[in-house]
Amino acid sequence: QVQLVESGGGLVQPGGSLRLSCRASGNIFTIYDMAWYRQAPGKQRELVAAITSSGTTNYEDSVKGRFTISRDNAKNTVDLQMNSLKPEDTAVYYCNAEVRRAIISSPYNYWGQGTQVTVSS
C-alpha cells in the first residue's frame, strides 16, 4: 500500500504565499513522476506542476513564474512553493505520484486526499 499525505494548505490573502508538502510512504520501490493537481468546485481537475525523478519540471501556464515544484527523492517528498497567489488559485490541491511498488510490478498513479487552498481578502 502507498499513501500520499499533503500538508500546508490554508487561507491566504491575494499576493501572499503558501508552501504545500506531500510525503509518500508505504511499499515503495521507486517513485517516477510527481505532480500537483488542483480542482475548484464545478471545474475539472487540472495539472498545476509536475516533476520527473531527474528534476525536469513542467508548469501550467497560469502559474509559471509564481509556483515552484521541487522534490527530495531521499525523503519521498514533493513540495509546491506558491507565491503571488491570486483568488483564481483557490482550489483543493492534490498530490500525485507514479509509484512502482516492486521490481516485478508496473507503475501506478496514487493520489493524496487533497488540501484546501483559499486565496481571499
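The values are calculated or read from the model by the stated rules, or taken from the named source; none is laboratory data. Model, not experiment: these values are computed from the prediction. Glycine gets a Cβ as well: all are built from the backbone with ideal geometry, and neighbour counts include every protein chain shown. Just so you know, the surface numbers come from the protein's heavy atoms only, side chains and all, with ligands and any DNA or RNA stripped out. Shrake-Rupley method; radii C 1.70, N 1.55, O 1.52, S 1.80 Å.
Give the residue that is surrounded by the most Cβ atoms within 10 Å (Cβ to Cβ), with candidates limited to residues of the stretch 43-65 that are within 17 Å of residue 119 (Cβ to Cβ) and among the small types (Gly, Ala, Ser).
Among those residues, the one meeting the criterion is 49.
Within the stretch 91-110, track down each residue that is among the aromatic types (Phe, Trp, Tyr) and more than 12 Å from the chain's Cα centre (by Cα).
Residue satisfying the conditions is 108 alone.
Taking the stated definitions as given, is residue 110 part of a strand (DSSP E or B) and either within 19 Å of residue 14 (Cβ to Cβ) or in contact with a Lys or Arg (Cβ under 9 Å, 6 or more places away or on another chain) (or both)?
no
Is it the case that the stretch 53-64 has a residue that's part of a strand (DSSP E or B) and within 17 Å of residue 8 (Cβ to Cβ)?
The answer is no; no qualifying residue exists.
Among the residues of the stretch 66-121, which ones are without any contact (Cβ under 8 Å) to a residue 12 or more places away in the chain, of a type in the set (A, V, I, L, M) and either open to solvent by less than 40 Å² (accessible area, probe 1.4 Å) or under 14 Å from residue 23 (Cα atoms) (or both)?
74
Please identify the pairs in which a residue from the stretch 1-25 that is in a strand (DSSP E or B) has its Cβ atom under 6 Å from the Cβ atom of a residue that is among the acidic types (Asp, Glu), counting only partners at least 6 apart or on another chain.
21/79; 22/6
Test each condition in (1) over 15 Å from residue 78 (Cα atoms); (2) modelled with pLDDT under 95 for residue 61 and report the one that comes out false.
The failed condition is (2).
Say we look at the stretch 26-42 and pick out the residues that are aromatic (Phe, Trp, Tyr) and assigned to a strand (DSSP E or B); which of these is most open to solvent (accessible area, probe 1.4 Å)?
Looking at the filtered set, the residue picked out is 32.
Tell me whether the stretch 7-20 contains one or more residues that are loosely packed, with under 14 Cβ neighbours inside 10 Å and modelled with pLDDT under 95.
no
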